[in-house]
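Asker: Take this structure, written in C-alpha cells, and hold onto it; I'll ask about it next.
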Amino acid sequence: MSVASGNILEVRDLQTQFNTLDGVVRAVDGVSFDLARGETLGIVGESGCGKSVTALSILRLIPPETGRIAAGSIKFEGEELTTLGEEAMKRLRGHRISMIFQEPMTSLNPVLTVGTQIAENVVRHMGVPWRAARERACEMLDLVRIADARRRLDEYPHQLSGGMRQRVMIAMALSCDPQVLIADEPTTALDVTIQAQILQLMLELKEKTGTAIVLITHDLGVVAETTERVVVMYAGRKVEEAPVEALFAEPLHPYTRGLMRAIPRLDIEADAAGTRPRLQEIPGLVPRLTQPIPGCAFAPRCGFATERCAVESPPLVDVGAGHTVACWEVDRVRASAI
C-alpha cells in the first residue's frame with residue numbers, strides 16, 4: 001500500500017495514446033515512478049518526450065475526443081485514479097492534487113479578477129462562504145509575496161506582469177492545501193531573475209506546507225537546484241532515474257549525457273584565444289511515435305548503439321542506490337568520459 005511505503009503517488013506502466021490522422025501516437029509508453037510524501041521529483045527531457053502528457057494523465061485531463069489512458073495504474077494515497085468516477089476526480093483536482101500550467105496568461109480567465117479565480121477554487125473545494133474564500137485568496141497572494149495583496153485581488157490577469165501571473169497560479173494551486181503539486185514548466189516564459197524567485201518560492205512553500213512536488217522541465221540546471229530525484233524521459237519512455245546527486249555525478253544513459261553536454265558551462269576556462277568549447281548538440285531527430293519502436297528509441301542518435309539496440313528494447317536495470325537505467329551498453333557508457 002502507498003501509505004505503508006511512504007509514497008503518496010504511484011504510477012505503474014502508464015500508457016497514454018492519441019488518435020491522429022497519421023495513426024495512434026504513443027505519447028507515454030510504459031512509464032513508472034513513485035512520489036514520496038514531501039519529496040520534489042523532477043521529470044526532464046526534450047519537448048515531445050511525454051512529460052506534460054504524463055502530468056495530464058495523472059489528473060485525467062486527456063481530452064477523450066482525441067486521447068485516452070490505454071493501460072497502466074495511477075494510485076494516489078492507495079486509491080486508483082484511472083477508474084475513479086469523474087465527479088470524484090473533480091473533487092480531487094485543484095484540492096488534493098493541484099497543477100501549475102506552463103503559460104499563466106492562457107490558464108487564467110481574462111475576464112475574471114485574480115481574487116475571484118482563487119476564491120472560486122476555495123469555495124468549490126473547501127465549502128466556505130464567499131467572504132472567507134476572499135480572505136483566503138488574500139492570504140495566498142500575500143504568501144506568494146505579491147505586494148499590496150488586497151488591492152491585487154480586484155485586478156485582472158492582463159494588469160499583472162508575467163512573474164506576478166505565475167505567482168497567482170501558484171497561489172491558486174496551493175489555496176486548498178494540496179498533498180501533491182504538479183508544476184509543468186512553471187518558469188518557461190520568465191526571465192532568469194524571476195525564474196529563480198519563483199523556484200525559490202515553490203521550495204519555501206513546500207517546506208511550510210509539506211506538499212510533494214512533481215517538477216516538469218527541460219532545464220537540467222533547474223533540476224539540479226530544486227529536486228531530490230530525477231526521471232529522464234525520451235520518446236514517451238523512462239530511460240533513467242536516480243537521486244539528483246547521483247545523476248549529475250554519473251549519468252549512465254547516453255541521452256542523459258547528451259542533455260548534460262548541451263548545458264552552458266561557466267566553470268570551463270576559455271583557451272588561449274579566448275574561445276570556449278562549443279555546446280554539443282544531440283544529432284538526429286526524435287522518432288515518430290505513430291509506429292512501434294522495436295528496440296531502444298534513442299538508438300538511431302546514440303554513439304554507443306549496437307545491432308542489438310535497434311531490435312531489442314532494453315529493460316530498466318537497477319545499478320545501485322536507487323539508480324536505474326535502460327541501456328544495453330551501460331558498462332561502456334560508464335567507462336567513457338562524461
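The values are calculated or read from the model by the stated rules, or taken from the named source; none is laboratory data. No experiment lies behind these values; they were computed from the predicted model shown. Backbone-built Cβ (ideal geometry, glycine too); neighbour counts: all protein chains shown. These area figures cover heavy atoms from the full protein model, side chains too; ligands, DNA and RNA do not enter into them. Shrake-Rupley method; radii C 1.70, N 1.55, O 1.52, S 1.80 Å.
Asker: So how far, in whole Å, is the C-alpha centre of region 114-137 from the one of region 62-102?
Answerer: 23
Asker: Could you work out the local net charge near Ile74, counting Lys and Arg as +1, Asp and Glu as -1, over the other residues with Cβ closer than 12 Å to its Cβ? Present the calculation step by step, with values, prior to reporting the outcome.
Answerer: On the way: positive: Arg12, Arg60, Lys75; negative: Glu10, Asp13, Asp34, Glu77, Glu79, Glu80.
So the environment of Ile74 carries a net charge of -3.
Asker: Continuing with the same structure: Sticking to Cα atoms, compute the Rg of region 44-114 to one decimal and its Dmax as the biggest Cα-Cα distance, whole number, in Å.
Answerer: 13.8, 40
Asker: Quick one: Debye curve from the alpha-carbon atoms of the chain only, equal weights, vacuum; give me log10 I(q)/I(0) at q = 0.07, 0.13 Å⁻¹ to two decimals.
Answerer: At q = 0.07, 0.13 Å⁻¹ the computed log10 ratios are -0.32, -1.04.
Asker: Provide the FRET efficiency to the nearest 0.05 for the Trp130-Glu307 pair, computing r from the beta carbons and using R0 = 51 Å.
Answerer: Values: r = 66 Å, r/R0 = 1.30.
E(calc), rounded to 0.05, equals 0.15.
Asker: Run the reach check for Lys51 against aspartates and glutamates, Cα to Cα strictly under 13 Å, same-chain hits fewer than 8 apart removed. What comes back?
Answerer: Hits, sequence-local ones excluded: Asp29, Asp184, Glu185, Asp219.
Asker: Please find the FRET efficiency linking Ala71 to His158, where r is the Cβ-Cβ separation and R0 is fixed at 35 Å, and quote it to the nearest 0.05. Intermediate values should be presented prior to the final figure.
Answerer: Numbers: r = 42 Å, r/R0 = 1.21.
Once rounded, the FRET efficiency stands at 0.25.
Asker: Here's another thing I want to ask about it. Excluding residues on the same chain fewer than 8 positions from Lys208, give the lysines whose Cα lies under 17 Å from its Cα.
Answerer: none
Asker: Please compute the net charge surrounding Trp328, taking Lys and Arg as +1 and Asp and Glu as -1 over other residues with Cβ under 11 Å from its Cβ.
Answerer: Working: positive: Arg308, Arg332; negative: Glu307, Glu312, Glu329, Asp331.
Result for the local shell: -2.
Asker: Determine the shape class of region 181-236: with a ≥ b ≥ c the square roots of the Cα gyration tensor eigenvalues, call it rounded for a/c under 1.5, and otherwise prolate if a/b is greater than b/c, oblate otherwise. Please list the in-between numbers first.
Answerer: Numbers: a/c = 1.90, a/b = 1.18, b/c = 1.61.
It comes out oblate by the Cα gyration axes.
Asker: Taking 4 °C and 1.567 mPa s as the conditions, I'd like the Stokes-Einstein D for region 23-141 in µm²/s, using the Kirkwood hydrodynamic radius from alpha carbon pairs.
Answerer: On the way: Rh = 16.7 Å.
Diffusion coefficient, whole number: 78 µm²/s.
Asker: Go from 0 up to the bin containing the longest alpha carbon distance in region 115-210, width 5 Å each, and give me the % of pairs per bin.
Answerer: Going out from 0 Å in 5 Å bins, region 115-210 shows 2, 14, 26, 24, 21, 10, 3, 0 percent.
Asker: Of the candidates Val28, Val286, Val192, which one comes out as most mobile in a Gaussian network treatment of the chain with C-alpha springs shorter than 10 Å?
Answerer: Val192
Asker: What's the angle, to the nearest 10 degrees (0 to 90), between helix 192-209's Cα axis and the longest principal axis of the chain?
Answerer: The helix 192-209 is inclined about 70 degrees to the chain.
Asker: Further question: Leu203 label point, 7 Å along Cα→Cβ, cut-off 12 Å on backbone N: hits in region 25-58?
Answerer: Flagged as within label range: 40.
Asker: Continuing with the same structure: Could you check the spin-label model distance between Thr83 and Asp318? Points 7 Å from the Cα along Cα→Cβ, value in nm.
Answerer: Placing both labels 7 Å along Cα→Cβ, they lie 2.8 nm apart.
Asker: Pop the C-beta distance of Leu285 and Glu245 into the FRET formula with R0 = 41 Å and round what comes out to the nearest 0.05. Could the numbers behind the result be given before it?
Answerer: On the way: r = 32 Å, r/R0 = 0.78.
Calculated transfer efficiency: 0.80.
Asker: Of the accessible area of the chain, with the probe set at 1.4 angstrom, what percent is carbon plus sulfur? It would help to have the intermediate numbers written out before the result.
Answerer: Working: 8570 of 16030 Å².
The nonpolar share, carbon plus sulfur, comes to 53 percent.
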